[in-house]
Amino acid sequence: MTTRLNAWILLAVLAMAVWLTPPSARAEDGYDLWLRYRPLAEPAARAATPLAARIVVEGDGETLRLARAELSRGIAGLLERTPELSSDLADGALVLGPASAPRIAALDLPVADLGPEGYLIRSARIDGRAVTVITANSEVGVLYGSFEWLRRLQLGEPLTELDVRAAPKVKLRVLNHWDNLDRTVERGYSGQSIWDWHTLPGYTQTRYVDYARANASLGINGTVLNNVNTNALSLTAPYIEKAAALADVFRPYGIKVYLSARFSAPIEIGGLPTADPLDPAVAAWWKAKTDEIYAAIPDFGGFLVKANSEGQPGPQDYDRTHADGANMLADAVAPHGGVVMWRAFVYSAEDTTDRAKQAYAEFVPLDGRFRDNVIVQVKNGAIDFQPREPFHPLFGAMPETPLMMEFQITKEYLGFATHLAYLGTMYEETLQSDTHRPTAGTSVARIVDGTAENHTLTGMAGVANIGTDRNWSGSHFDQANWYVLGRMAWDPDTRAEPVARDWARRTFTPDPRFVEPVVAMMMGSREAVVDYMTPLGLHHQMATGHHYGPGPWVADLDRPEWNPAYYNKADAAGIGFDRTASGSDAIAQYAPAVAARYGDLETVDERDLLWFHHVGWDHRMASGRPLWDELVLTYDRGVAKVGDMRRSWATLVPYVDSRRFDEVSQFLAIQEQEAKWWRDASVAYFRTFADRPLPAGAAEPEHDLDYYKALSFPFAPGN
Ligand code: BDP
């Protein structure tokens, strides 16, 4: 008895000690993401919210119940009090419900143009009580509105006299998981796949629920569970059942499940001799398979397909087109309201001209030949998720076909999870690029949101960076990339900077002494990576296979375009890939005004110079320096920026809990070393062609070229 009492006293003392420890010293592991409902520090923020002592739910749907639970959880955490649940109105109550609920309908709120997923948060009076109404045309809209209300509470924003309305501008806002059935993740740097296929469908862990909460808080409404390089077994009955269990968890959060479909599945699991899309038996097999999926998952979203790319099977194996393949699948899902997301990332075995031209060449002739429920998924640039790419020339070039954006959230080519690179600036750069199609001022965002070409089927996908790591994304700052993808999918005109600020405030602290330096770090971080990896328009300089570290010298792989040397084209005369009329003429795939700008050495932005031009080592840059000097100094600038980030972070120790502070510090130290490695290895290689001294002040590479060439990393992750 006494021992037990002592134990209790000890526990109480420990709890007190934890309570009294300043927040900066308390360890956090990042699991809460931006839904971090810690007590609000500012007394002012609390005083400003005598609201929400009561939650009134108008309706009894499951999603409403989840919205209420989220609000209760958030209020309990942030305001340290438990709101009461009641059907009686009271001053300050939060009233949740669809606009059709009688007491909300009586307010006659303007909800018609909110669409199926938008929401309205309105300070109103019902029966003489001053309340806050969170309403929408659907329960999911109410859930989205609840998350928005909580965000405002979390950030100490005013919660009175509210009149907030928002609706997504893009219809399909999806994550693409490149997750395999054995739980490895292609290009994943955050542990194993979060889908534990082995224990599904019987066991659905709470992590699936938290995954759904995080996504719903951003408005993400779809998830493709399996890798685009897929295994036909994903479409067999046991795996359909497992996917259905996940769909059941996600459904009330407004998230649909999709599957990557292997084009040759009719052969591999169907026993057919062919997967020819025009063969009636093949079409019938897909129809039956699709019906089987819908029987298990009535709101199944549809299929994502990578076909005839990097060795994947596809319709071209039968001399059919991408449209033939996509339409056959589209016909199977159409009766159920499903869609087909057909990827334009086609990287075939035959093309030897310029890989950058391939997607445009194959897809533009098919414009207008796809079914209404097909959307073509296009990567942001024409090569492959590089640290910087000019926007993909397909945007604006297929006006009769809906095109969706595919960004990579996982940082395959940007230093994996250890390098801090906020991708909001990269996404914004692409989305705000002017396609000049059909006219000047038509940004990629206008193509993606459908307004430029009058499409209602619209979408944005992000290749997920989520895994079993406790912090989900492999690093704390990589959570911001998931966050900004969600925000930009909701509204492609969203700007990177306010999102970075919002994220940093929610994830760490709203203290401006923390937020301002961190936002500055984030906003400059991706440019730093560009500078130390692939400055001035260089691209695809990463080592072979795993893409970890520099490999600009690699030139011996079977196909020319597998080699980094193919992309840098360094020689005694200069460096860069000539994509003008004198070279591959890839620039001709852009609208004439864009092609003219990129094609002219006078007008091309120096950041894209070597993407489009092969330029002499002495080419005079805007700075007045010769290209060689500029190149070396740009690498140096990238390394220096990482040093700045590291020093900046070091000053922030008072504002961050110890665990997250240390984890970020260690990663920044790795990043600084690796940035220097990139710079030194690249300079050591390119100087063999430039044959010029390093510019004044530039340091000699730490090692000779052979040293860098000899480094090997057989177990680098994600491969
Ligand atoms: C490349 C990745 C590869 C993917 C491919 C794709 O290296 O792992 O399968 O993209 O998008 O960047 O299909």
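Taken together, the values in this text are just the output of simple stated rules run on the coordinates, not laboratory data. The structure displayed is predicted, hence computed values, not measured ones. Neighbour counts run over all protein chains shown; Cβ positions are idealised from the backbone, glycine included.
Observations on the model:
- In the chain, helical runs assigned H by DSSP with n ≥ 4 each contribute -39500 (n - 2.57); averaged across all residues and rounded to the nearest 500, the mean residue ellipticity at 222 nm is -11500 deg cm²/dmol.
- Principal-axis analysis of the Cα atoms of the chain puts helix 658-690 at an angle of about 10° to the longest axis.
- Tensor-based shape of the range 172-507 (alpha-carbon gyration tensor, a/c under 1.5 rounded, otherwise prolate or oblate): oblate
- When each of LYS256/LYS411; LYS169/LYS641; LYS306/LYS411; LYS411/LYS641; LYS357/LYS569; LYS379/LYS709 is checked by Cα-Cα distance, pairs over 28 Å: LYS169/LYS641; LYS379/LYS709
- Relative pair counts by distance (%), Cα atoms of the range 334-445, 10 Å bins: 13, 40, 34, 12, 1
- DSSP bridge orientation in the chain - percent antiparallel, rounded to nearest 5: 30
- Take the Cα of ALA41, step 7 Å toward its Cβ, do the same at THR439, and the gap between the two points is 5.1 nm.
- Relative to one another, the C-alpha centroids of the range 246-302 and the range 485-504 are positioned 33 Å apart.
- Around the Cα centre of the chain, unit charges on the Cβ atoms of Lys, Arg, Asp and Glu (plus for the first two, minus for the last two) sum to a dipole of about 1920 debye.
- Global form of the chain, assessed from the alpha-carbon gyration tensor, a/c cut-off 1.5: oblate
- The residue list VAL257, ILE447, THR353 was ranked by how far each Cα lies along the charge dipole of the range 172-507 toward its positive end, using unit charges on Cβ atoms, and VAL257 comes out on top.
- Helix axis angle, 280-296 relative to the chain longest principal axis, alpha carbon, degrees: 30
- A simple spin-label model places pseudo-atoms 7 Å from Cα toward Cβ; at THR688 and THR353 they are separated by 3.2 nm.
- Projected label points at ALA520 and ASP299, each 7 Å from Cα along the beta carbon direction, are separated by 4.5 nanometres.
- Note on LYS171: aspartates and glutamates with a C-alpha under 16 Å away, same-chain residues under 8 apart excluded, are ASP113, GLU117, ASP299, ASP372, GLU406, ASP449, GLU453, ASP491, ASP493.
- Of the residues SER475, LEU225, ALA344, the one whose Cα sits farthest toward the positive end of the charge dipole of the range 172-507, with +1 on the Cβ of Lys and Arg and -1 on the Cβ of Asp and Glu, is SER475.
- Rounded if a/c under 1.5, otherwise prolate or oblate - the range 43-165, Cα gyration tensor axes: rounded
- Antiparallel DSSP beta bridges within the range 172-507, as percent of all bridges there, nearest 5: 5
- Between helix 2-20 and the chain: long-axis angle, C-alpha atoms, 0 to 90°, nearest 10: 60
- When the charge dipole of the range 43-165 is built from unit charges on Cβ atoms (+1 for Lys and Arg, -1 for Asp and Glu) and taken about the Cα centre, the candidate among PRO158, ALA99, LEU89 whose Cα reaches farthest toward its positive end is PRO158.
- Euclidean distance of C-alpha centroids, the range 341-418 and the range 123-148, integer Å: 40
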